[in-house]
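Rule-based calculations on the coordinates, nothing more; no lab input. Worth saying up front: this structure is predicted, and the values here are computed from it rather than measured. Every residue, glycine among them, receives a Cβ derived from its backbone with ideal geometry; neighbour counts consider all protein chains shown.
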Amino acid sequence: MNVLVVGGAGYIGSHCVRQAMSAGHVVAVLDNLSYGHQASVPRGVPFIHADMADTSAVRQALRDHQIELVVDFAALTNVGESVQQPERYHDNNVIRTQSLLASMLAEGVKKIVFSSTCATYGIPEKMPMTEDLSQHPINPYGQNKLEVERQLIALATTQGFSFAAFRYFNAAGAVADASIGEDHTPETHLIPLAIAAALGRRPPLKVFGSDYPTPDGTCLRDYVHVDDLSRAHLAVFDRLNVPGRQHFYNLGTGTPQSVKEVIASVERVSGKKVPHEFAPRREGDPPALYANADKVKNELGWRVQYASLDSIVETAYRWHLARPQGFATA
Ligand code: UDP
């Protein structure tokens with residue numbers, strides 16, 4: 001298929017681009033490079049440096065590359081920041097996404113795979129989390145993604161859009177050859193920060209909260225390898241050939257891991273201590289989030305290749321060792 005990956009220079013997008021190419025799809029990337037890295041776009045892949053709200057650039061790209069399907073990763077994704085800057089988040093994650101959808105509609109491109117989030121559920125009413133739980137997000141990021149999910153439902157019903165919305169749990173790790181990986185500025189995610197602390201590149205890790213109602217008092221999350229996550233996107237392409245299809249999938253391994261377990265894993269993989277100290281809870285952090293991934297497994301045949309936390313952390317560690325300054329490393 002001819003695929004436009006919007007946000008394809010970002011962390012998950014860049015991994016998906018590689019996998020889509022390996023699967024034989026013809027890929028173009030559109031990214032405004034506000035957070036993405038052009039160096040992560042493989043040589044030979046058409047790259048359009050534009051914002052998804054740049055209607056003329058998007059429409060031109062859809063026409064030039066005879067795009068049949070869009071995969072949309074372009075979003076601001078930092079929960080804490082969304083609490084501080086709700087308007088900026090709404091503008092980017094809702095308004096600009098709506099502009100992308102309008103451009104697609106104008107060009108008759110009606111298939112989209114959308115990056116959603118487990119943050120749309122808010123504080124889940126049961127664990128592990130299934131797709132039918134009620135969605136009551138507790139931060140603007142989760143609200144933004146839910147708003148777009150609802151718009152996609154409307155477009156499917158009224159315009160024949162077919163879509164899949166993947167509700168991500170915690171994407172982590174890097175491609176096995178360490179050629180691309182996680183490089184956020186500022187970095188706020190647990191695994192890169194724990195690795196950087198182990199390598200003495202950053203101050204001790206702050207563990208946000210040690211009094212949660214969890215077995216060891218720290219938050220439980222579901223860490224899923226970025227390549228496993230990306231592969232699920234490809235697995236749904238064929239299901240979007242029938243107009244009006246709507247798919248929602250949780251994307252996690254189903255295994256909860258505490259912050260302390262992540263620290264222990266980084267210590268095993270690196271052979272170094274992770275200096276850390278306990279700090280107050282971070283605003284907006286639910287105690288536990290982990291997926292019931294039966295639906296994506298049963299319907300799409302999705303299986304993880306990186307089943308253990310150590311195998312995920314190991315790929316992240318290799319990337320951070322190889323690229324101390326991320327993509328800026330010479
Ligand atoms: N966390 C932490 N210290 C940090 C960053 C994260 O203790 O410096 C915790 C955070 O409270 C959460 C988990 O690690 O329980 C994963 O956080 P991350 O920001 O990586 O992903 P999120 O779950 O917010 O998407």
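Here, P(r) means the percent of Cα pairs in each 10 Å bin from 0 to the largest distance; for the stretch 1-58 it is 27, 57, 16. Which of the listed residues, Leu101, Ala264, Phe114, is farthest toward the dipole's positive end in the chain, when Lys, Arg count +1 and Asp, Glu count -1 at the beta-carbon? Checked the options; the winner is Ala264.
In the chain, a dipole from Cβ-located charges (positive for Lys and Arg, negative for Asp and Glu) runs towards its positive end, and of Pro215, Leu69, Gly80 it is Leu69 whose Cα lies farthest in that direction. Can you tell me which of Val269, Val313, Val58 moves the most in a GNM of the chain? Springs connect C-alpha atoms under 10 Å apart. Among Val269, Val313, Val58, the largest mean-square fluctuation in the Gaussian network model of the chain belongs to Val269.
Rounding to the nearest 20 debye, state how big the charge dipole of the stretch 27-139 is about its Cα centre with +1 on each Lys and Arg Cβ and -1 on each Asp and Glu Cβ.
Around 220 debye, computed over the stretch 27-139.
If I take R0 = 41 Å and measure r between the Cβ atoms of Ser34 and Ser210 in this structure, what FRET efficiency does the formula 1/(1 + (r/R0)^6) give, to the nearest 0.05? Efficiency computed from Cβ-Cβ geometry: 0.75. Assign one of three labels to the stretch 267-327, namely rounded, prolate or oblate, based on the Cα gyration tensor with a ≥ b ≥ c the square roots of its eigenvalues; rounded applies when a/c is under 1.5, prolate when it is not and a/b is larger than b/c, and oblate otherwise. Taking the square roots of the gyration eigenvalues as a ≥ b ≥ c, the stretch 267-327 is oblate. Given in Å, the Rg to one decimal and the Dmax to the nearest whole number for the Cα atoms of the stretch 223-315 are 16.7, 53. When we measure straight from the Cα of Lys206, which lysines land under 26 angstrom away, once same-chain ones fewer than 8 places off are left out? Once the sequence-local lysines are set aside, what remains near Lys206 is Lys260, Lys272, Lys273.
Only sites in a loop by DSSP and with at most 13 other Cβ atoms within 10 Å count here; which GluC sites (Glu not before Pro) in the stretch 266-330 make the cut? Present the calculation step by step, with values, prior to reporting the outcome.
On the way: sites: Glu267, Glu277, Glu283, Glu299, Glu314; in loops: Glu283.
Here the sparse-neighbourhood loop sites are Glu283.
Suppose the Debye formula is applied to equal point scatterers at every Cα of the stretch 89-178; what is log10 I(q)/I(0) at q = 0.12, 0.16, 0.17 Å⁻¹? For the stretch 89-178 at q = 0.12, 0.16, 0.17 Å⁻¹, log10 I(q)/I(0) is -0.43, -0.72, -0.79. Would the stretch 108-236 count as rounded, prolate or oblate if I go by the C-alpha gyration tensor, calling it rounded below 1.5 in a/c and otherwise prolate when a/b exceeds b/c, oblate otherwise? Cα axes put the stretch 108-236 in the oblate bin.
Using Cα-Cα distances under 8 Å and only pairs 6 or more residues apart, what relative contact order does the chain have, in percent?
The value is 19 percent.
Based on the Stokes-Einstein relation at 20 °C and a viscosity of 1.002 mPa s, and on the Kirkwood radius from alpha carbon pairs, the chain is assigned a translational diffusion coefficient of 107 µm²/s. Helical runs assigned H by DSSP (4 residues or longer) give the chain a calculated mean residue ellipticity at 222 nm of -10500 deg cm²/dmol, each run adding -39500 (n - 2.57) before division by the residue total.
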